Structure formats: structure tokens, C-alpha cells
Amino acid sequence: MITYEWADSWHEEPEVVALLDESARFDAEQGFSATPPQLDPGPAGHARHRELVAWMSPEVGSVTPGRRCAVAFARVSIGGDGDGVLELLVHPEFRSLGVGTLLAEELGFVVGEQGWAGTGATSLRTWARGSHPAAERMGRRFGAEVERSVWRIVRPGKAHDRLPVDSFGITVEPAGAEREKLARVSTAWLAPVDKNDDAELLVAKDKEGAVVGFVALNLPGAPGSEGPRLGTIRTLGLAPGADEHAARATLLSHAVDHLTEAGAREVDMLVNAVGDDLVRTCRVLGFHHDQTDLCFRVPLRNA
């Protein structure tokens, strides 16, 4: 028998921590990313999370005798506008048994007075990381449509590909005191920065000293990186009116150098699959496609 419960912070419970860790290890071994796509900043005006855990009773399944087992975890991030982003994980030992499908059928697709499933969400989208086949099957079963496609691209740290950026007259340096200013203006650039985030920021300035863009980086071994030798370009932000080609090429070149000098054996980044200019620049820098993440719009109806 499977039951489920909603709360605000299930992810802190030991059983759930174990489920998340085991799922991350299993998905990494299968080639699926354990890191949410950073190109989706989450709901506008983010307000709160709601978390669900599905439990298997002691009488069913491969569990410790006499104890229930956490078999699935879901988190919904709900914005002030009612837009929700759903993440769902099923314990590897219980996959392909219909657990996710059962949960979806139990929760339904109706928006009531308190939103979907009482979470406050009035619309819902979810990600399939690495084109995960189970997520795609569920999407087709319940009529979800692909709304967005994101590529994870990677570059070996030893690659020697470079761009001739010296002629652009753009300088790149650590953000330093610019971090708080970037936190204020970056949302309008569609690349929000949290001033309290631990990401390393590099800022680009033109010949007049005006900020034309920035990159946020996870150094190898930093919190949020998937391994001790992986460096990640988390966010690329370009100021409105800037020479986008010059700023983009210069920032990415410096970001790659910064990460490899910090010991990264591989650099990765998430890009929109339809972002031709960005993809072209990254290819010249030695990046290649690794996996595709798909964003599904979940069909909801009013009660």
C-alpha cells in the first residue's frame, strides 16, 4: 500500500535524504543529470515550496521489516502568480512499477479553491532531465506538452579552442562590490542573481567602464557542483543594449579559463536549444552537446 503526505520541509527527514542521495547516484550512473536546469529561474515572485513524500507500507515491497519506506519525493515551487514548478523523484528500487503514475492519478489535474492538490499552484510545469524515458512516458500518458528544450553542453578542460576576444575592448574581473548592484538589475536581464548566493561572479565592462554582462560560476568542488573536477557556467547575463556577441564571447572565454585554472577537468553549461548565437559561440569554444532537458506544461483544469 502506498500513502502520501504533504509538508513544507520533507527534504530534511533522514528517509528522504537517503532517497534523494540514492536517486542522484543512480541517475548519475545512468547519465541523467542530478542538477535542475538553471535556465529556469523558477516561478516569478517565488513564494514557497510544498513537498510530498510517498510511503510504502511495511507489508509491501523490499523494505526494512516493520518500517515504512520512502519511495517517492515531489516538490512544488509556487510563485506569487500561481505558477508552479514540479520536481518528482522515485526511488530507483521502485521504478518501472507505476509509482509515479499512481501518484499522478491520485493527485489529479484539477485546480480547486486552494490550487492544484492544495498547493496554491494554478498552473504547472515539470522537467525531464536528460530526456528521461519515464518522464516522457508520463508526459505522453497525461497529455503534457513540451514547452521548452534545454541542452547540457560540456567542454573538456584540456581543450585548446579559443575566441579572438582581445579586439572587443572588454575587460572581465571578479564582481566584488558589483555583486549587490547585479542582484538589483539582473532580473530585468532575465538572468537573476542572488546577492547571498555562493556562486563566483565575473563582470564584464566596456571601454567606458559600463557593465555589459556577467557570468555566475560554480568552481570545481563548490556546493552545487556535481563532482570535484566539474566546473559549471551557471548563468550568463547580458545588459540590454550591449554588443551581445562581444560581451558573450569575452565572458565565456574568461569563464572557461577561470574554471580550468581552478582545476576543472570539464566545464558544463545549460543553453536553450533554440539559442543559435549562444550555441554557435560555445561550439567555437570547444563545447559539445551532452544531453537534452525537456520542460513539460502539465494540463490542469478548473474544478
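FYI, it's all coordinate maths here, none of it is from the lab. Keep in mind it's a predicted model, so treat the numbers as computed, not measured. A quick note on method: Cβ atoms are made from the backbone with ideal geometry, for glycine too, and the neighbour counts reach across all protein chains shown.
Give me the count of lysine pairs in the chain whose alpha carbons sit under 26 angstrom apart, restricted to pairs 8 or more positions apart or on different chains.
5
Determine the distance separating the Cα centre of the stretch 271-303 from the Cα centre of the stretch 151-184; give it in Å without decimals.
20 Å
Tell me, what is the FRET efficiency for residue 160 and residue 75 to the nearest 0.05, using R0 = 41 angstrom and their Cβ-Cβ distance as r?
E between residue 160 and residue 75, to the nearest 0.05, is 0.50.
Quick one: what do you get for the stretch 160-285 if you divide its Cα Rg by 2.2 N^0.38 Å?
0.99
Counting DSSP beta bridges with both partners in the stretch 46-177, what percentage is antiparallel, nearest 5?
Of those bridges, close to 85 percent are antiparallel.
Go ahead and set up a Gaussian network model of the chain, Cα springs under 10 Å, then flag whichever of 102, 238, 217 fluctuates most.
Ranking 102, 238, 217 by mean-square fluctuation puts 102 first.
Checking the a/c ratio against 1.5 first, then a/b against b/c, what shape does the Cα gyration tensor give for the stretch 218-303?
The shape class here is oblate.
Could you pull the Rg and Dmax for the chain, using just the Cα atoms, both in Å?
Taking only Cα atoms of the chain, I get Rg and Dmax of 21.0, 70 Å.
Take every DSSP beta bridge whose two residues both sit in the chain, then give the antiparallel share in percent to the nearest 5.
Antiparallel bridges make up about 85 percent of those DSSP assigns within the chain.
Sort 56, 269 by Cβ crowding within 10 Å, fewest neighbours at the top.
56, 269
Which cross-chain or sequence-distant (5 or more) residues have an amide H under 5 Å from the amide H of residue 148, H modelled 1.01 Å from N in plane?
Distant-sequence amide H within range of residue 148: 295.
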